[in-house]
Amino acid sequence: MSSGEPRSQDAAERLLRKLKEIVGDNHVLAAEAHMEKHLVDWRRRYRGAAVGVVFPRSTEEVASVVKVCADAGIGIVPQGGNTGMCGGAIPSPDGHSMVVCPGRMNRVREIDPTNNTMTVEAGCILATIQEVAADNDRLFPLSLGSEGSCQIGGNVATNAGGTAVLRYGPMRDLVLGIEAVLPDGRIWNGLSRLRKDNTGYDLKQLFIGSEGTLGIITAVVLKLYPKPHSQLTALAAILDLDLALALLSRLRSELGDRISNFEIMSRNEFALVLAHNPELVDPLDAASPWYAFIEVTDTIVGDDLAAALEESLAAALESGIATDAVIAANLAQAAAIWRIRHSVTEANIASGFSISHDTSVPVSQVPTFVAQVDAAIAAALPEVSTYYVGHLGDGNIHVVVVFPRDTYATQDHFDDGVRAANAIVDRITVALGGSISAEHGIGQSNVGRLLQFKPPLEIEFMRSIKDLFDPRGIMNPGKLF
Ligand SMILES: Cc1cc2nc3c(=O)[nH]c(=O)nc-3n(C[C@H](O)[C@H](O)[C@H](O)COP(=O)(O)OP(=O)(O)OC[C@H]3O[C@@H](n4cnc5c(N)ncnc54)[C@H](O)[C@@H]3O)c2cc1C
């Protein structure tokens, strides 16, 4: 842990003065009101305090900032777009940390369409990276509901997943090189653009998913892919999750890698989203217990893709795998279908006190997982509502538990309910060989659960790695461990 300096007002002011000399007066915040949005997570679940918030402009500035903070012995909390799910970017309430935001470091340093790589600074917004790739006739496939505000440094630090993992993998599969400032202020230039490099340990992988605990990521080399020129969206109605897996399997056999998204949603979640967004229309005629949101893409222009998808879905309807399906006729219809999928978080928050689990189990175990969780929560917490949405092809299901505001009016009652729901989901997850955090990470929300469920030997190795990089424990204290 950090030593907690500077504890006195004088020491804090000296530190802030030094930081202003590095990044300029306008790029250090210290007034409570100015720091507010950097001290609270977007779901307003965590509130921290800090000596200041600093906005460096270059890797060298980050290195100087880190050295000054390390000398003062205070914690350093990297913060990207502050869209994380687990409070990882929020400092602890003790007020002895500095929040470091790389948002001004937002240059695309290089794009190499022949090598299919792009070198970007950590503060680049994900949507901007997607646009720059598209302008160069390439695809950067990472896609999240938060893509308009999350930063690539945050995406790497959380090993973000999202809707295109099925085809392209999570962030871990999309990075070739990393540049980072280490906790002692040294700069590690690991900006490799190589696809093959078999020279020992793959250090960049340690930083991917490290949640700011090993250093500050300042730049990344990303993999690019051919830009799809045909893209279709479909929505299918399905009776149960075994049939959803059968549909995915059939589509994969018949369309191969052209399946880029396959998301599922339970009827009650679908209905909640429609109720919360009156402008959205149910694209299907009748209600169904489950829905699959499907996207297929191809680099070839023409009608082949539409014909192949129509044929596959028709065969699925014929054989009873799906009960109804619609293919979006144009981009507006496709966007309307995806809006239903992307409006889940807001609808859940509006309907009560909601928590969302981020479980993965082997894909074949998803139907068992959902059936067991549903039965156990209904028995233990009859007044809550449980919704399901997720990335079926990755075995990643978000179990959303909504606690009615009137029944769970006191914090203690709510906390008891959350503990009971977590215990149920965790027990079933572990029994089925799953993970308690598929894509959101650990941050501060899941520290206890990580220690509870990760094998002790793995925790020991993780601690050794943390000690090796950060022996004084100043990088993002209280997160991950
Ligand atoms: C509407 C919505 C939808 C979402 N959908 C998904 C989804 O489908 N899949 C998914 O995986 N996530 C999803 N998320 C969560 C979130 O967007 C991701 O975790 C994202 O990768 C976080 O990026 P950020 O820049 O906001 O990071 P922050 O929230 O700022 O930080 C997250 C963690 O990374 C660390 N960090 C940030 N920048 C750096 C850096 N430069 N160097 C070192 N450490 C750093 C922080 O210390 C913190 O521990 C969603 C969030 C929202 C609001």
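A short reminder: the numbers here are calculations on the coordinates, not readings from a lab. Since this is a predicted model, take the numbers as computed values, not measurements. Positions of Cβ are backbone-derived with ideal geometry, glycine not excepted, and every protein chain shown enters the neighbour counts.
Cα centroids of region 309-325 and region 277-307: 12 Å apart.
Around the amide H of Leu139, modelled in the peptide plane, lie the amide H atoms of Tyr225, Lys227, all under 5 Å away and 5 or more residues distant in sequence or on another chain.
Quick one: what do you get for region 52-145 if you divide its Cα Rg by 2.2 N^0.38 Å?
Numbers: Rg = 15.9 Å, N = 94, 2.2 N^0.38 = 12.4 Å.
Ratio of Rg to 2.2 N^0.38 Å for region 52-145: 1.28.
If I take all pairs of Cα atoms in region 291-370, what percentage of them are more than 16 Å from each other? Of all Cα-Cα distances in region 291-370, 70 percent exceed 16 Å.
Computed over region 249-298, the P(r) curve from all C-alpha pair distances, binned at 5 Å from the origin, holds 5, 17, 23, 20, 14, 13, 7, 1 percent per bin.
Once both labels are positioned 7 Å from their Cα atoms along Cα-to-Cβ, the gap between Thr368 and Ala287 label points is 3.1 nm. Computed from point charges on the beta carbon alone (+1 for Lys and Arg, -1 for Asp and Glu), the dipole magnitude for region 225-329 about its Cα centre is near 240 Debye.
Taking all Cα pairs closer than 8 Å and separated by 6 or more residues, the relative contact order of the chain comes to 16 percent. Whole-Hz Karplus values for region 153-160 come out as x, x, 4, 5, 5, 9, 6, 4 Hz, taken residue by residue from phi with 6.51 cos²θ - 1.76 cosθ + 1.60 and θ = phi - 60°; glycine and proline positions read x.
Could you sort 451-463, 309-321 so that the peptide with the highest average Cβ count within 10 Å comes first and the rest follow in order? Display every interim value, and only then the final one.
On the way: 451-463: 11.8, 309-321: 16.3.
Result, highest mean Cβ count within 10 Å first: 309-321, 451-463.
Any chance you could give the angle, 0 to 90 degrees and rounded to 10, that helix 411-431 forms with the longest Cα principal axis of the chain? The helix 411-431 is inclined about 70 degrees to the chain.
Do the alpha carbons of any pairs in Lys196/Lys466; Lys67/Lys466; Lys196/Lys479; Lys20/Lys204; Lys204/Lys479; Lys37/Lys223 sit beyond 22 Å of each other, and which pairs?
Working: Lys196/Lys466 27 Å; Lys67/Lys466 18 Å; Lys196/Lys479 33 Å; Lys20/Lys204 31 Å; Lys204/Lys479 20 Å; Lys37/Lys223 32 Å.
Exceeds cut-off: Lys196/Lys466; Lys196/Lys479; Lys20/Lys204; Lys37/Lys223.
Remark: region 430-481 is approximated by an ellipsoid whose semi-axes, taken from the C-alpha gyration tensor as √(5λ), come to 22, 13, 8 Å, largest first.
Residue by residue, region 281-287 carries 3J(HN,Hα) couplings of 10, 5, x, 10, 6, 10, 5 Hz when phi is fed to the Karplus relation 6.51 cos²θ - 1.76 cosθ + 1.60 (θ = phi - 60°); x denotes Gly or Pro.
Each residue of region 288-302 was assigned a 3J(HN,Hα) from its phi angle through the Karplus expression (A = 6.51, B = -1.76, C = 1.60, θ = phi - 60°), giving 9, x, 9, 10, 10, 9, 10, 10, 10, 9, 8, 7, 8, 7, x Hz with x at Gly and Pro. The fewest-to-most ranking of Tyr291, Tyr388 by surrounding Cβ atoms within 10 Å reads Tyr388, Tyr291. Reducing region 390-418 and region 101-172 to their Cα centroids gives an inter-centroid distance of 30 Å.
Our estimate of slack between His276 and Thr114, defined as 0.36 nm per intervening residue step minus the Cα-Cα distance, is 53.8 nm. Looking at region 121-273, the DSSP beta bridges with both ends there are about 95 percent antiparallel. Over region 210-309, the fraction of Cα-Cα pairs per 5 Å bin, rounded to whole percents and listed from the shortest bin up, is 2, 10, 17, 16, 13, 12, 12, 10, 6, 2, 0. Measuring nothing but alpha carbons in the chain and taking Rh as the Kirkwood radius, the Rg to Rh ratio lands at 0.98.
Projecting the Cα atoms of Leu174, Phe481, Ile436 onto the dipole axis of the chain, where Lys and Arg carry +1 and Asp and Glu carry -1 at the beta carbon, places Phe481 farthest toward the positive end.
Between Gln9 and Val40, what is the FRET efficiency for a Förster distance of 25 Å, r being their Cβ-Cβ separation, to the nearest 0.05? Intermediate results must be reported in sequence, preceding the final value.
Numbers: r = 23 Å, r/R0 = 0.94.
Computed FRET efficiency for Gln9 and Val40: 0.60.
Convex hull volume of the C-alpha atoms in region 300-458, normalised per residue: 170 Å³.
Cut-off is 10 Å between beta-carbons; in what order do Ser8, Ser149, Ser354 appear when sorted fewest neighbours first?
Details: Ser8 9, Ser149 15, Ser354 18.
By the 10 Å Cβ count, ascending, the order reads Ser8, Ser149, Ser354.
Here the dipole of the chain is about 1400 debye; that uses its Cα centre as origin and unit charges on the Cβ of Lys and Arg (positive) and Asp and Glu (negative).
Count the DSSP beta bridges whose two residues both fall in region 66-163, then state the antiparallel fraction as a percent rounded to the nearest 5. Of those bridges, close to 50 percent are antiparallel. Compute the relative contact order of region 77-182 as a whole-number percentage, counting only Cα pairs closer than 8 Å that sit 6 or more residues apart in sequence. Worked out over region 77-182, it gives 22 percent.
How do Trp42, Trp290, Trp338 rank when sorted from fewest to most other Cβ atoms within 10 Å of their own Cβ? Write out the running numbers ahead of the final one.
Details: Trp42 15, Trp290 24, Trp338 20.
Ascending Cβ contact count within 10 Å gives the list Trp42, Trp338, Trp290.
Using Cβ point charges alone (K and R +1, D and E -1), the dipole size of region 372-478 about the Cα centre works out to roughly 240 debye. For the chain, the antiparallel share of DSSP beta bridges with both residues in that region comes to about 85%.
If I stretch the segment between Ala329 and Val430 completely, what's the gain in nm (0.36 nm per residue apart, minus their alpha carbon distance), one decimal? Don't skip to the end; give the middle numbers.
Details: separation 101, 0.36 × 101 = 36.36 nm, distance 4.22 nm.
Full-extension gain reported as 32.1 nm.
In the chain, the calculated helix contribution to ellipticity at 222 nm averages -11500 deg cm²/dmol per residue, counting -39,500 (n - 2.57) for every DSSP H run with n ≥ 4. In this structure, the amide hydrogen of Ile178, modeled 1.01 Å from its nitrogen in the peptide plane, lies closer than 5 angstrom to those of Gly190, Leu191, Ser192, Val221, counting only residues at least 5 positions away or on a different chain.
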